[in-house]
Amino acid sequence: MSSTTQPEAPTLLSVDEAAAWCRISVGTLNHLRMHGRFAPAVRMGKLRYWLAEDLTAWIEAQREQP
């Protein structure tokens with residue numbers, strides 16, 4: 001019997017979870033997303049989800065330059 005391990009599925013965050021992760025409101029997240037200024041979402045049907053790595057990269061990109 002072959003024992004193969006499945007790769008771990010990425011953690012997907014809902015709009016509420018993504019907003020909380022970034023410490024912004026859902027309204028701000030949706031505003032930024034609608035204007036193309038937020039991390040790319042993974043769309044599944046009518047719902048959108050975000051990968052934690054994408055949110056972390058987006059946060060890093062928001063850092064002000066000295």
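Below, the figures for the structure above:
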item	result
Evaluation of Asn30 against (1) surrounded by 13 or more Cβ atoms within 10 Å (Cβ to Cβ); (2) more than 11 Å from the chain's Cα centre (by Cα); (3) free of Cβ contacts under 8 Å to residues at least 12 places away in the same chain (one fails), failing number	(3)
Any hit, the stretch 29-43, residues being farther than 25 Å from Arg63 by Cβ, basic (Lys, Arg), modelled with pLDDT of 95 or more and outside any loop (DSSP other than H, G, I, E, B)	yes
Pairs, first within 12 Å of Cys22 (Cβ to Cβ) in the stretch 55-66, second small (Gly, Ala, Ser) and part of a helix (DSSP H, G or I), C-beta under 7 Å, six or more apart	Leu55/Ala18
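The values are calculated or read from the model by the stated rules, or taken from the named source; none is laboratory data. Remember, predicted model here, so these are calculated numbers, not experimental data. Positions of Cβ are generated from backbone atoms using ideal geometry, with glycine treated the same way; all protein chains shown enter the neighbour counts.
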